[in-house]
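Worksheet: one structure, shown below.
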Amino acid sequence: QVQLVESGGGLVQPGGSLRLSCAASGFTFSSYAMGWYRQAPGKQRELVASITSGGMANYADSMKGRFTISRDNAKNTVYLQMNSLKPEDTAVYYCHASFRVLGYWGQGTQVTVAS
């Protein structure tokens, strides 16, 4: 049974930081590309960052320099370090795993940036 369980979301002030985690199980984590997406109310889900099975990272332009994606294959976990958070970063953040035609989603974790 595939599971992606996100954690680490919450309320943070503008300029603050959060670290999201996504614990994976039920598939060969090291073979999968992993990604973080987000969806704000009334908006489409968008890619935040992704990382290949080999560790190459890719970021949406608005996240470059502020967010860092990483993975620990020994722990079957992918992380998203978010710094210099802005109110417009408020969204539900989702973890995604992909391998060829296969794709899995987590349930999401809420991130709210407000003073």
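No lab work stands behind these numbers, since they all come straight from the coordinates. What you are looking at is a predicted structure, and each value in this text was computed from that prediction instead of being measured.
Report, as a whole number in µm² per second, the diffusion coefficient that Stokes-Einstein gives for segment 1-56 at 10 °C and 1.306 mPa s using the Kirkwood radius over alpha carbon pairs.
Values: Rh = 13.3 Å.
Estimated diffusion coefficient is 119 µm²/s.
If one puts a single equal scatterer on every Cα of the chain and applies the Debye formula without solvent, what log₁₀ I(q)/I(0) results at q = 0.12 Å⁻¹?
Taken in order of the listed q values, log10 I(q)/I(0) reads -0.37.
Relative contact order for the chain: what percent, with Cα pairs under 8 Å and sequence separation of 6 or more?
Values: 280 pairs, mean separation 41.1, N = 115.
Relative contact order for the chain comes out at 36 percent.
Using alpha carbons only, what's the Rg to Rh ratio of segment 48-99 with Rh from Kirkwood? Could you put the intermediate results ahead of the total?
Working: Rg = 11.5 Å, Rh = 12.0 Å.
Taking Rg over the Kirkwood Rh, I get 0.96.
Leaving out same-chain residues fewer than 8 places away, which lysines sit with a Cα under 27 Å from that of Lys75?
Excluding near neighbours in sequence, the set is Lys64.
Percentage of Cα-Cα pair distances in segment 70-115 greater than 12 Å, rounded to whole percent? Show your work: numbers first, answer last.
On the way: 747 of 1035 pairs.
That tail contains 72 percent of the Cα-Cα pairs.
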